[in-house]
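Structure first, then comments.
Readers should treat all values here as calculations from the given coordinates under stated rules, not as data from a laboratory. All values derive from a computational prediction rather than experimental measurement. Here the Cβ positions follow ideal geometry from the backbone for every residue, glycine too, while neighbour counts run over all protein chains shown.
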Amino acid sequence: MAQPRTVITFGTFDVFHVGHLRVIERAAELGDRLVVGVSADALNLRKKGREPVFSESERLAIVAALKPVHEVFLEESLELKRDYIVQFGADVLVMGDDWEGRFDEFRDICEVVYLPRTPAISTTALIEKISGAS
Ligand code: CTP
């Protein structure tokens, strides 16, 4: 019997929106098992310069509850991508095309697929919209 094909993807998934859902659904279609690395609060602060609205445990719980997701874990460092790919036995790494080309170095251990972002929605835009809505 063929081995199940594992897909891995990463993100903050703060203020969860339909762009997040679509990338997770499309990632899951590329294999049999989807593992999602959710950025730790500290990593998010370093990466985006702000505290996420929802804590890492809340974001983990939301992503873990999605039907296409088989397993979640906390992504503690951007430098550990290779270790996570190996640890979870990923055959495919999926990233949004905002990262196009940035993860090609992992093509030696897995397929790397960049998916087009869902247009006109982002956590940053939502926060700005909600902040200005009072
Ligand atoms: N994503 C997507 N389409 C969008 C927004 C995000 O496909 N409109 C994807 C990203 O490419 C990434 C994943 O969702 O693979 C998680 O992205 P994240 O950075 O958490 O979400 P953003 O909405 O882009 O957040 P921010 O505005 O803070 O950058």
**Complete:** the chain: antiparallel bridges as % of DSSP beta bridges, rounded to 5, reads 0
**Message:** Just to confirm the filter: which GluC sites (Glu not before Pro) across the range 1-68 are DSSP coil and have at most 13 other Cβ within 10 angstrom of their Cβ?
**Reply:** 29
**Prompt:** Say the cut-off is 23 Å between C-alpha atoms; which of 81/129; 67/129; 48/81 go over it?
**Reply:** 81/129; 67/129
**Request:** May I ask you to list the residues of the range 53-72 whose amide nitrogen lies under 17 Å from a point 7 Å from Cα along the Cα→beta-carbon direction of residue 87?
**Result:** 56-57, 60-61, 64, 70-72
**Message:** Given contacts defined as C-alpha pairs under 8 Å and at least six residues apart, what's the relative contact order of the chain, whole-number percent?
**Reply:** 30
**Request:** May I ask you to compute the full-extension gain from residue 104 to residue 131, defined as 0.36 nm times their residue separation minus their alpha-carbon distance, rounded to one decimal in nm?
**Result:** 6.0 nm
**Prompt:** With the dipole of the chain worked out from charges on the C-beta (+1 for Lys and Arg, -1 for Asp and Glu) around the Cα centre, which of 27, 120, 55 lies farthest toward the positive end?
**Reply:** 120
**Asked** Dipole of the chain (Lys/Arg Cβ +1, Asp/Glu Cβ -1, origin at the Cα centre): which of 80, 101, 13 lies farthest to the positive side?
**Response** 13
**Request:** For the range 49-85 and the range 91-134, write down the distance between their C-alpha centroids in whole Å.
**Result:** 14
**Message:** Loop only by DSSP, 13 or fewer other Cβ within 10 Å of the Cβ. Give me the trypsin sites (Lys or Arg not before Pro) in the range 51-131 that pass, ordered by residue number.
**Reply:** 102
**Local net charge near residue 77, Cβ-Cβ under 15 Å (Lys/Arg +1, Asp/Glu -1)** = -1
**Request:** Any chance you could list the semi-axes, whole Å, largest first, of the equivalent ellipsoid that the Cα gyration tensor gives for the chain, using √(5λ)?
**Result:** 25, 15, 15
